[in-house]
Amino acid sequence: MKAVRIHEFGGPEVLKYEDVPEPHPGQGEIRIRVIAAGVNPMDWKIRKGLVGKMPLPMIMGLDVAGVVDSLGQGEVPFRPGEEVYAKVSIEEGGYAEYTVVNSMQVARKPESIGFIESAAIPTAGLAAWQALFDIAGLEKGQSVLIHGAAGGVGTFAVQFARWKGAFVTATASGTNLEFLKSIGANVVINYTNQRFEDIISNMDVVLDTVGGDTFDRSWRVLKPGGFLVSTVASIPEGAAEKHGVRAQTLVTRADGKELAQIAEVIDEMQVKPVVTTILSLSDAQKAHELSESRHMRGKIVLLVGEGPE
Ligand SMILES: NC(=O)c1ccc[n+]([C@@H]2O[C@H](COP(=O)([O-])OP(=O)(O)OC[C@H]3O[C@@H](n4cnc5c(N)ncnc54)[C@H](OP(=O)(O)O)[C@@H]3O)[C@@H](O)[C@H]2O)c1
C-alpha cells in the first residue's frame, strides 16, 4: 500500500510517500481502508523528534476516516463496510491506505458529513471536548475564553462551548475575527493589538492552545475557583494554588465513545468541522509546511482513497 513514512527525524523533506507492507488487525482491532487522514501539529512535532525518539521507520498521522475493511479476533463491535473514524495510535499511523486500530478507539462517523470533514475531527475534536467538559467541567451559562480559537482545536472548542450554552470569548488575529463570530463566538479579541486581560475578567474557564506568554497572562482573567486548561503548557508547581484556581495540561485520550457523542452533536447540525485545505496523501510535505506556519484556519486534511458510491 501507499503511505507517508519517516526514516529519520527532521524537516518536511523527511516525509516519504512510498510503498509499505499492509498492516493486519490483531486481537480486538479493526483494519480501516482510509479515505481521508487529518493533519495535526502533533504530526510535525513527532516528525521533528520533539515528542521523543520513536522506532523508525514510522507512518505519520493520528486521525483517519474510512471504511471497515477487516476484523481481528475477539469481540469487535463493527462490521466490514461500516463508515468509521478514529484517532489511531502513534505506532500505527494514519497517512496510509490502510491502518489498524483498537476498536475502543473507533466510532461510526457522523452521517451528515463526508469522510474529509470526519477525518478533521478525532484529535482536535476530542481535545476540545475533553478540555472543556471532562477536565474543566464547562456548564451552560458559564463564561469561557478560548485562545487560538481559529485553529484546529479552537474551531471545535468555540462550537462545543456554544452548543453547551456557554458565553464564548475567543482570541485570534484580525483576519479571523468575523469568522469566529460566524461559528459562535460572542466576543472576539484581536491578540495582535489588544491585551485580553484589559478586556475580560472573571472567566469560569480558559482554554489555552497557544502557550507561552498567552498562558502566563491567563491566570489573572479567571474567577476564584475557575479552571485554566492548556493543550501545550505544563502547569508550574503551586501556580494554581497561588491564583486560587484549578489548572491542568490536557493529554488527549483516543476514545471511541466520545467520538460517538461528538458524531451525535454534529448530526444535530450544532457543530461543523472547519476544513480549509484538502491535499492528496502525496502532498504531506506541503501539509506539514502549512501546519507549521501556526496560522492555519481550521483543519488540513489529506485525501487518501476513494469513498464508497
Ligand atoms: N495536549 C494535547 O493532547 C493536544 C491535543 C491537540 C492539540 N494540542 C496542541 O495544541 C496546539 C493547538 O493545536 P491546533 O490543532 O489548534 O493548532 P493549529 O490549528 O495549528 O492552530 C493555529 C491557530 O492558532 C492561532 N494562533 C496562533 N498564535 C496565536 C495567539 N498568540 N493567540 C491566539 N491565537 C493564535 C492562529 O490564529 P491566527 O492565524 O489568527 O493567528 C491559528 O488559527 C498545538 O500546539 C497542538 O500540538 C495538544
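Quick look at the numbers
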| quantity | calculated |
| --- | --- |
| Unique residue being over 17 Å from the mean Cα position of the chain (by Cα) and of a type in the set (A, V, I, L, M) when the list is Val88, Val84, Val64, Val101 | Val101 |
| Of residues in the stretch 123-152 being more than 13 Å from the chain's Cα centre (by Cα) and of a type in the set (Val, Ile, Thr), the one farthest from the ligand (Cβ to nearest atom) | Val144 |
| Residue check, Leu303 away from the ligand (no atom under 16 Å from the Cβ) and either open to solvent by 20 Å² or more (accessible area, probe 1.4 Å) or within 28 Å of Val76 (Cβ to Cβ) (or both) | yes |
| Test: residue in the stretch 239-254 that is away from the ligand (no atom under 12 Å from the Cβ), touching an Asp or Glu at 6+ places or on another chain (Cβ under 6 Å) and either open to solvent by less than 60 Å² (accessible area, probe 1.4 Å) or part of a helix (DSSP H, G or I) (or both) | no |
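The values are calculated or read from the model by the stated rules, or taken from the named source; none is laboratory data. Nothing here was measured: the structure is a model prediction, and the numbers come from that model. Heads up, the Cβs are rebuilt from the backbone with ideal geometry, glycines too, and the neighbour counts pull from every protein chain shown. With ligands, DNA and RNA removed, areas are computed over all heavy atoms of the protein, side chains included. Shrake-Rupley method; radii C 1.70, N 1.55, O 1.52, S 1.80 Å.
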